[in-house]
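The structure under discussion appears below in the form of structure tokens.
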Amino acid sequence: MCRFYKGEKRCPKDISFVGWECEEMYVKEKLAGNEDSFMEDVNLFCKLGLDKIPELKDGTPIEIQATMFERFCHNSDTDPVILANYFPQFYAREVNKSDELDSDIICLKLWKGDRVPQNEWERKQKEEFDEMKKQGEVPDISWFE
């Protein structure tokens, strides 16, 4: 699911360029059937443990996140092992701005377990959803189907 790239030829001025660029690359590679083009980035991302960091579990495909990490490291002389410590803050600042996401999408991802709560409102929503699951209930919202 793309948050930034919507098929435009150029990145709109009011969104994250790195997010748009990585999503554009992801979509084009997937459409071309080049699934393996992300493997090197994904392997490094996982080797450094970035796939285990709760703040990065927002439902964004790992290929996009790994590509963002590669872009984050691209122009630096610093070892990626060191940069891995700073990537979650970069990601939060550049990409994972909850106020820019549709609340319905956030709720769906929280319900399905594809997103770790990013703020107090999301934590409360997740708690309510967890309680509903214990009770065997499902939200009465049409877009959940």
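P(r) tail for the chain: Cα pairs beyond 21 Å make up 49% of the total.
Identify, among 37, 64, 49, the residue whose Cα sits farthest towards the positive end of the charge dipole of region 30-70, taking +1 on the Cβ of Lys and Arg and -1 on the Cβ of Asp and Glu, with the dipole about the Cα centre. Farthest towards the positive pole: 49. Per residue, the convex hull spanned by the Cα atoms of region 3-42 measures out at 69 cubic angstrom.
Each other residue within a Cβ distance under 14 Å of residue 47 adds +1 if Lys or Arg and -1 if Asp or Glu, for a net charge of -4.
Taken about its Cα centre, region 20-121 carries a charge dipole of about 300 debye when Lys and Arg each add +1 at the Cβ and Asp and Glu each add -1 at the Cβ.
Using a cut-off of 23 Å between Cα atoms, the listed pairs 6/30; 47/133; 52/126; 28/52 include 47/133; 28/52 as exceeding that distance.
For region 6-142, the relative contact order comes to 22 percent (Cα pairs under 8 Å, sequence separation of at least 6).
Every number here is computed from the coordinates shown, using simple stated rules; none is lab data. Since we're looking at a predicted model, the values are computed, not measured. Backbone-built Cβ (ideal geometry, glycine too); neighbour counts: all protein chains shown.
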